[in-house]
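Everything below concerns the one structure shown next.
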Amino acid sequence: MGRVSQAQAEENRRRVVDTASRLFREQGTHVSVADLMKAAGLTHGAFYKQFASKEALVDEVTAHVFDEIARRNAAGLERHDGQRDAAQRALIDAYLSVEHRDNAADGCPVAALAIDIARGPEGREARRTYAEGVADFAAFLAPAEAVADGGGVGGVGGGEGGEGGLARLCTLVGALVLSRATQGSPLSEEILAAAHAALTEAD
């Protein structure tokens, strides 16, 4: 059988990263290489032609999913003509929805990957990327006045009563994790509604 062309090799790599980004968010990074490659429609042996190790793939996927967040947030600002408050409100509405709760595979990596990243060694590239991604996401959520005043990382201290970007992100992520853990009980949707009210009632 002939060698795979460079274009096909690049397409195969993209397919593996895209598939892994969904499986890792849905099932965790413990998904085996064999199961991952089967889901991608490729052979097990093809993995090691593309990646030095499973850890290298986790590093790449972590960067990929946080790039995805950045693109979505930028698109949200564009849709709302640069109006930060409107873009943030739309994000909060979508983030704390039943649809997001039920679709971890395409959902927020901050919530989905937190435990796996925390269990990895501190020197890992994935942990550094995750921390930078969290800071960037928090900065997007910072109140407009905090940004204007040049607030700290993520807009911390940018508003009274815990309204900084990091506090907002913690509320979103915590609510999502708890709603998924309690799914099937009335409490799950109550958690989403309570977090939504806490983040929007002052608007």
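The values are calculated or read from the model by the stated rules, or taken from the named source; none is laboratory data. Computed from a prediction, not measured in an experiment: that's the story for all the values here. In this analysis, Cβ positions are derived from the backbone assuming ideal geometry, glycine residues included, and neighbour counts consider all displayed protein chains. The accessibility values were calculated without ligands, DNA or RNA, using every heavy atom of the protein model including side chains. Shrake-Rupley method; radii C 1.70, N 1.55, O 1.52, S 1.80 Å.
Per residue, the chain exposes 54 Å² of solvent-accessible protein surface, assessed with a 1.4 angstrom probe and all protein chains in place. Using just its DSSP H runs of length 4 or more, each adding -39500 (n - 2.57), the chain gives a mean residue ellipticity at 222 nm of -22500 deg cm²/dmol after division by all residues. Counting only protein heavy atoms and using a 1.4 Å probe, what share of the accessible area of segment 40-86 belongs to carbon plus sulfur, as a whole percent? Roughly 51 percent, rounded to a whole number. Between residue 85 and residue 122, the contour length at 0.36 nm per residue exceeds the Cα-Cα span by 9.8 nm. Computed with a 1.4 Å probe on the full set of protein chains, the accessible area for residue 116 sits at about 40 Å².
By its C-alpha gyration tensor, with a ≥ b ≥ c as the square roots of the eigenvalues, how is segment 1-92 shaped: rounded for a/c under 1.5, else prolate for a/b larger than b/c, else oblate? It comes out prolate by the Cα gyration axes. Can you pull the one-decimal nm distance between simple spin-label points at residue 181 and residue 72, each 7 Å off the Cα toward Cβ? For the pair residue 181/residue 72, the computed spacing is 2.2 nm.
Efficiency by 1/(1 + (r/R0)^6): what FRET value for residue 31 and residue 190, r their Cβ-Cβ distance, R0 = 22 Å, to the nearest 0.05?
Working: r = 31 Å, r/R0 = 1.42.
Step by step, r from the Cβ atoms, then E = 0.10.
In the context of the full protein assembly, residue 54 retains an accessible surface of approximately 40 Å², using a probe radius of 1.4 Å and ignoring ligands and nucleic acids. To the nearest ten degrees, helix 186-200 and the longest principal axis of the Cα atoms of the chain are 60 degrees apart.
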